[in-house]
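In what follows, a single structure is set out as structure tokens and then discussed.
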Amino acid sequence: MLIMCVAVMLLCGCNHSRISKELDRAEAVMESHPDSALNILQLIDASDISGETRARHALLLSQAYDKNYIDLTSDSLISIATSYYNRSGNTRLKMMASYYYVAILMNRRDFDKALSIAFDVEKLAEESGDIDFLARIRNQIARAYLFSFNQEGAKDYLEKSLELTRSLNKPEWTGNVFINLANWALYHKDHSLAIEYVDSAKNYIATDPDIAEYEMMARIGLADYDKADSIYCNHIALNTPSTQARAYNLLTRFQLGRQTAISDSLTALMAEASHFDSIDIAYVGAHISRLDGNYERAWFYTDLLLQECSSVITDISNHSLYRIQLEHDKLTYATAERNLQNRLRISIFAGLLASLIIMFGIIYFRMVRKRHEEQVARAKDDILLVLSEYSDMRANLKREIDNQKQEVATLTRQIQAGHLAARQLFTAKYAWIEELGNLMIDTESSKLSSEKALQKIKQRLDSVKTKKFTSNLIDVVNSHCNNIIDRVARECPAISDSEQTILALLYADLSPRIISFILNIKPQSIYNAKSSIKHKLEKHAPALLHELKHIFP
């Protein structure tokens with residue numbers, strides 16, 4: 001029996017030693033030949049290993065999948081590594097496991113959780129001074145911000161990551177950062193800047209298919225369709241073009257007069273598209289149909305685009321990161337204000353205390369002046385010392401108060417930026433009314449108007465030409481901006497109910513043309529009402545007029 005136990009132990013020890021050697025071999029070729037590393041790791045039977053060896057296998061296999069552009073969405077494998085290394089205390093392996101966990105969360109679009117873990121990895125990298133991991137995780141944070149529609153945060157982290165990758169002399173990483181910057185520029189429709197970033201990316205990595213796709217879309221944005229078609233044929237077609245790239249290539253074909261089966265191609269692409277790709281396909285379909293004069297088809301794609309954009313806007317409005325940021329700013333501002341008040345109280349108390357000390361010193365000086373000249377001199381020295389300390393105290397307190405004022409000013413700017421972002425998100429919810437209203441008005445006046453398309457538009461807009469819609473809009477504006485409509489009615493009774501309704505529609509960033517259409521009155525009446533509201537607010541509630549400065553500049 002003893003001999004059998006020894007034999008089993010020796011066999012297990014030999015097996016673990018063999019697996020460790022295989023893991024060493026896979027790790028050695030991971031950077032140069034990731035496909036070979038993946039083959040080695042897939043041949044290892046993970047059911048026979050445990051502990052550190054199993055965690056290392058899970059981490060290396062997750063890394064190999066990532067290196068071979070195999071996008072995992074399940075965290076069952078990487079969780080083995082993160083669970084072990086979070087307990088082991090090895091900072092670098094913990095960061096590496098968490099990094100690939102973030103990559104998997106990004107693949108399945110769980111951006112909230114990905115950012116939460118990524119910020120922890122960033123903190124660990126900063127504390128340990130690991131510039132390599134700091135550059136990699138900041139690029140991931142930037143990508144998460146891009147997909148979460150936080151463009152300012154994305155640009156900030158992309159620039160931070162670019163600075164680090166250049167200092168590390170990592171061509172592939174630097175090229176990937178430039179690719180993400182090109183994507184950011186395309187989102188902002190700055191096509192010339194996107195091409196500059198693409199050209200910079202080519203200097204570091206020339207084989208990435210995203211480079212060709214983004215360059216093609218930038219050329220389409222600049223109406224350089226011949227160049228865009230050449231890029232598609234020579235580069236993207238050599239790989240597997242993305243759904244987005246194929247959709248935009250249809251627009252290029254249309255502009256170049258190659259219009260065969262474009263409608264069928266769009267339908268086929270829509271069948272396989274994800275939610276985000278559907279937006280691009282619907283945009284291309286609406287644009288091509290409008291250029292072709294097929295307004296009924298254009299309406300179909302426009303309606304689809306509105307549905308997809310409405311879903312995205314809802315996701316942004318409900319995004320927990322934005323609410324967390326607002327709560328954080330509010331708490332930070334409240335803490336700074338409370339600290340400032342405490343320092344002011346301390347300063348007043350110190351001033352009173354110093355005044356009392358001076359007063360008692362003078363009394364004491366008068367009492368002992370006749371007794372001894374030396375005691376008088378000593379009392380004078382004490383008073384001068386107290387005065388000097390008081391002066392130093394005041395100077396220090398003044399410096400601290402000035403610093404706090406600067407911090408409060410910075411917080412105020414951040415809060416204003418948050419309010420602006422919230423305003424933009426709010427008005428985006430009602431942008432479809434503006435677009436759809438203009439489309440209906442233009443369609444009615446067009447000689448090519450389709451009665452069927454016009455009827456669909458009217459049916460869609462009937463929902464906003466009701467008292468229920470305007471009443472709900474007033475409630476939404478009140479909840480969005482601290483009961484602004486109710487405060488206007490309370491502080492400026494001269495403003496009528498109809499003017500309150502017009503004010504709510506103006507707050508939703510709707511033009512006088514569309515408002516007059518919704519309320520079924522003349523556009524000039526809207527301009528007159530807007531002028532009347534401004535005049536009444538100037539007279540009775542100037543503070544509220546300042547809050548509405550985006551409506552009454």
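The values are calculated or read from the model by the stated rules, or taken from the named source; none is laboratory data. Values in this document were obtained by computation on a predicted structure and should not be read as measured data. Note: ideal-geometry Cβ built from the backbone for every residue, glycine included; neighbour counts use all protein chains shown. When the accessible area is computed, the model is the full protein with side chains, heavy atoms only, and any ligands, DNA or RNA have been set aside. Shrake-Rupley method; radii C 1.70, N 1.55, O 1.52, S 1.80 Å.
Descriptive notes on the structure:
- Accessible surface, 1.4 Å probe, highest first, among residues SER161, SER20, SER498: SER498, SER20, SER161
- Solvent exposure of segment 154-218 amounts to 46 Å² per residue of accessible area, where only protein heavy atoms count and the probe is 1.4 Å.
- Mean separation of Cα pairs under 8 Å and 6 or more residues apart, divided by the residue count, gives segment 23-117 a relative contact order of 23 percent.
- Accessible surface of segment 140-184 [probe 1.4 Å, protein heavy atoms]: carbon and sulfur percent: 43
- Relative contact order, percent, segment 455-553 [alpha-carbon distance under 8 Å, six or more residues apart]: 24
- Each Lys and Arg adds +1 at its Cβ and each Asp and Glu adds -1 at its Cβ; summed about the Cα centre, segment 112-256 shows a dipole of about 360 debye.
- Accessible area per residue (1.4 Å probe, heavy atoms of protein chains only) ranks SER76, SER62 as SER76, SER62, with the largest value leading.
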